[in-house]
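The values are calculated or read from the model by the stated rules, or taken from the named source; none is laboratory data. Quantities reported herein were computed from a predicted structural model and do not represent experimental measurements. Cβ: placed from backbone, ideal geometry, glycine included. Neighbour counts: every protein chain shown. For the accessible areas, the whole protein counts, side chains as well, though only heavy atoms, and no ligand, DNA or RNA atoms are used. Shrake-Rupley method; radii C 1.70, N 1.55, O 1.52, S 1.80 Å.
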Amino acid sequence: MAPTHAVVLGGGLAGMLAASVLVRHFDEVTVVERDKLPDGPSPRSGVPQARHAHLLMSGGARAIESLLPGTLDALLAAGAHRIGVPNDLVSLSAQGWVPRFPEMQFIVSCSRGLLDWVVRSQALRDNKISVLTGTEPVSLLGDRHAVAGVLVEDRISREQISLEADLVVDATGRGSRLPAWLVDFGLPTVHSESVDSGLAYATRIFQAPPTAASGFPIVNVQANPRDPFPGRTATLLPVEDGKWLVTLSGTRGGEPSTDESEFVSFARSVRNPVVGELIAEAEPLSPVYGSHSTANRRMFFERLKSWPRGLLALGDSVATYNPVYGHGMSIAAQSAQTLDAGLAAGHSAQQVQRGIGKVVDEAWAMATNQDILYPGAVGKPLPLAGRVLQRYVDRLVRTATTEAAVTRAFLDAFTLSAPMANLVSPKMIWATMRGPRSAAPEPTLTADERDRVTG
């Protein structure tokens, strides 16, 4: 039999995880990447939010570890922080301060550049994976019934070559041209949805005080989408090399400026000034970087009645989320797990694509059901059932500010470690209806943690 070949379009996190799966099922894998890939942990131009806050939730971290064993150890050895949740989390949710109960889940905190570099290094240890950089896809080969490869073009020489493949996986992200290619094949327009809160980001890197360079919590002040004014947030992440990555955000009408002189004052202007207070005397190490690439957008590929053999899509090509929820990378990893399981079971491409759609569902609901509530948000309003469920979730999150069992259930769902359905179990409904006791009125930073910054 002739050697089998798979092509992955896109060399970002989703693409490298897909490639790490495909080498288990194909003889050769070619990754097609339009940019030059950095030699180290540097931002890549193809990642719109590369310089801003990224969180790898425990559900996604476990998925990556299952696909590329040893990756978590490699991340930590390279300087990433393992943050216990909620014990190492100082977070003001929309409903109140999250209590610092003993660890229930965890978050990996580092720069996006470091995460991409470590995952890419782990994946490319397999010499069956080759990478074409500076190359972009032009069109698919085949027809509406089956894809036979992809036509690609060198971005400098403009030379075009046809890559024949038994499977093509689109992981090109927000700029995916797959919906247009499917129309070119004569297939119907793919149904899409978008919810845009108008969120803008501003991020700056600071040198952490030496006494707070390690073992310091994530500090996060979230907006309350039910407030009748633009939502503003501030997040401080410990990242590699003793640095703090601080991301500010604001919805339409409350966007942060990229003016360096206004950064700390904006951080102090959110629902609690704790992040602004922590960075007031810290040394800035970078300019302020801005971004508006924050809309939730989803392509419902799984709804097409006919789907070509030999074609799949995952990652941001399928759905993008407001980055404030920290779910995009974890969903990409769990989608790669679904790809692996589907190929192992001999499922058709259409069956696998539908499985990826199910992986996307819960994170999509979490992000859009919140974002549509912000003043000026653009998107399809929640139906009555959705509004009732949202009110229930509001009360559940409020109850999670004092009740450990509810906190655990909420964090299991939010870190994509357990299905959201667990939040409406009889036990959780009863606890939620009973409601919370008195929650902490002030930030849950300990005296020692404050002293490590100010002392």
### Task
Report the net charge of residues surrounding Ala61, where surrounding means a beta-carbon distance below 12 angstrom and charges are Lys +1, Arg +1, Asp -1, Glu -1.
0
### Task
Can you give me the span-like helices of the chain, meaning DSSP H runs with 20 Å or more of Cα extent along the axis and Kyte-Doolittle mean at or above 1.6?
none
### Query
Of the beta bridges DSSP finds with both residues in the chain, what % are antiparallel, to the nearest 5?
70 percent
### Query
Along the charge dipole of the chain, Cβ charges K/R +1 and D/E -1, which of Ala313, Trp364, Asn127 sits furthest on the positive end?
Trp364
### Summary
Length-normalised contact order of the chain, Cα under 8 Å, at least 6 apart, in percent, tallies to 20 percent
### Message
Going by amide H atoms built from the backbone, whose H comes under 5 Å of the H on Lys243, apart from near neighbours?
### Response
Ala208
### Query
At what distance in nm do the modelled label points of Asp259 and Ala341 sit from each other, each positioned 7 Å from its Cα along Cα→Cβ?
5.1 nm
## Note on the structure
With all protein chains present, the chain has a carbon and sulfur share of its accessible area (1.4 Å probe) in percent of 53 percent
### Query
What accessible area per residue, rounded to a whole number of Å², is obtained for the chain using a probe radius of 1.4 Å?
41 Å²
## Note on the structure
Note, the range 207-224: 3J(HN,Hα) by Karplus (6.51, -1.76, 1.60, θ = phi - 60°), whole Hz, Gly/Pro = x, goes 7, 5, x, x, 6, 10, 6, 9, x, 9, x, 6, 10, 9, 10, 8, 7, 9
### Query
Of all DSSP beta bridges in the range 159-315, what percent run antiparallel (nearest 5)?
90 percent
### Summary
Taking 0.36 nm per residue of separation between Arg309 and Ala77 and subtracting their Cα-Cα distance, the length gained on full extension comes to 79.4 nm
#### Entry: Qualifying GluC sites (Glu not before Pro) for the range 263-345 [loop in DSSP, other Cβ within 10 Å: at most 14]
Glu281
#### Entry: aspartates and glutamates whose Cα lies under 14 Å from that of Lys380, excluding same-chain neighbours fewer than 8 positions away
Glu193, Asp196, Asp371
### Query
Taking a 1.4 Å probe, which of Arg408, Arg44 shows the most accessible area, and what order do the others take after it?
Arg408, Arg44
